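Notes for the one structure printed next.
The values are calculated or read from the model by the stated rules, or taken from the named source; none is laboratory data. Because the structure is predicted, anything quoted here is derived from the model rather than measured. Ideal geometry is used to build each Cβ from the backbone, glycine not excepted, and the neighbour counts take in all protein chains shown. Side chains are part of the model used for accessible areas, which takes the heavy atoms of the whole protein and leaves out ligands, DNA and RNA. Shrake-Rupley method; radii C 1.70, N 1.55, O 1.52, S 1.80 Å.
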Amino acid sequence: MELDLSLFNFEAGGLQPDGTYNFAPLARAFLDRPHPDLLMLCEAKLWNARGRRPLHTAMAHLADVTGRPYVGELHTGALATAVIYDPRVLRLDAAEESEFPDKRNLARFSLRADPTYRLHVYVEHWPYADPEQRLARARLLATSGTSPTPTLIAGDLNSTSSGPHLPTPDWTRIPFSTRDHKARHHNGTWHADTRAVDRLIGAWDTTTNHRVNGAGFHHLAELDPHTPTPLPPTTNGPHGLHIDYILANHALLNTATVVPGTYQIHIPPDNNPTTWPSDHRRISCTLRIHPTSQHNTQKHA
């Protein structure tokens, strides 16, 4: 079977300056196919505090444009993350356990078509301005890289990874007051701070042109042979960065493959910020999950 994924950082969760919510941009972001079986959403701002009404309103808007009977689970926090999914495809077996840091932002699913297949999904929104907190979170999640359960980490990680196929901004053009949010000063120049994401997927080795010393996770964009090089930014605006990721662990890649040509960063058709669905771009990707009988025969190198 195939599982359509989407990741979207919805700016402020649609919250407007007057305290109301506007979900038209969210619906506009999902007019294009594929319509996701699983949407991993960031920046659900104050959705918990408003009795989760914004979550249900968001799902209603998405259902209107996709025809999908979406349901969802909202994680804790003022700027929460959420999973929105088609219950005909996925069954939620357990929500996050917010008392335990390694269980926050975690939704545990099984497939309707194959209830023996389990899928763990972390939807993360890492701190915007603190690279040390991002690295600490990566260290905690790294233990899932070798988990026997297929696991995804998806979200606005607010940092990039190393590698030649990623956009490289001119850090000197970014205001000094915010430059060290995502960059480090080393040997007289500024470079992207890649430590947190590299902790999960490995640093790029320029000698072998492969990643080394990863924790067992892989960037799905790098597993699609049709992904453009360099990868487009995942944020809109003049200093676009590639900071939104969908990562899969070894166990997932032993049981599923990325359908070639499906990893897509949805770029707005124009440069008018008023027409952008968000300050981030939607990401979509399709996984082909192998039948249970093939789980032990599909091995990822």
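Computed quantities for the displayed model
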quantity: Total residues in segment 4-53, condition among the aliphatic types (A, V, I, L, M), surrounded by 21 or more Cβ atoms within 10 Å (Cβ to Cβ) and part of a strand (DSSP E or B); calculated: 7
quantity: Cross-chain or 6+ apart pairs with Cβ under 6 Å, segment 226-251 first and without any contact (Cβ under 8 Å) to a residue 40 or more places away in the chain, then open to solvent by 40 Å² or more (accessible area, probe 1.4 Å) and assigned to a loop (DSSP other than H, G, I, E, B); calculated: His226/Pro260; His226/Gly261
quantity: Matching entry among Leu79, Leu15, Leu39 (being touching a Phe, Trp or Tyr at 6+ places or on another chain (Cβ under 9 Å) and over 30 Å from Pro115 (Cβ atoms)); calculated: Leu15
quantity: Residues of segment 204-245 classified as in contact with a Gly (Cβ under 8 Å, 6 or more places away or on another chain) and open to solvent by less than 40 Å² (accessible area, probe 1.4 Å), total; calculated: 9
quantity: Residue list for segment 72-130, filter: in contact with a helix residue (DSSP H, G or I) (Cβ under 7 Å, 6 or more places away or on another chain), without any contact (Cβ under 8 Å) to a residue 40 or more places away in the chain and farther than 27 Å from Asn158 by Cβ; calculated: none
quantity: The listed residue being crowded, with 20+ Cβ neighbours inside 10 Å, modelled with pLDDT under 95, of a type outside the set (Val, Ile, Thr) and farther than 24 Å from Cys285 by Cβ, out of Ala192, Ala129, Ala183; calculated: Ala183
quantity: Candidate set: segment 144-153, residues that are open to solvent by 10 Å² or more (accessible area, probe 1.4 Å) and under 18 Å from the mean Cα position of the chain (by Cα); chosen: the one nearest to Ala251 (Cα to Cα); calculated: Pro150
quantity: Test for Asp102: is it under 27 Å from Glu11 (Cα atoms) and charged (D, E, K, R); calculated: yes
quantity: Output for segment 110-135, where each listed residue is among the aromatic types (Phe, Trp, Tyr) and closer than 27 Å to Lys45 by Cβ; calculated: Tyr122, Trp126, Tyr128
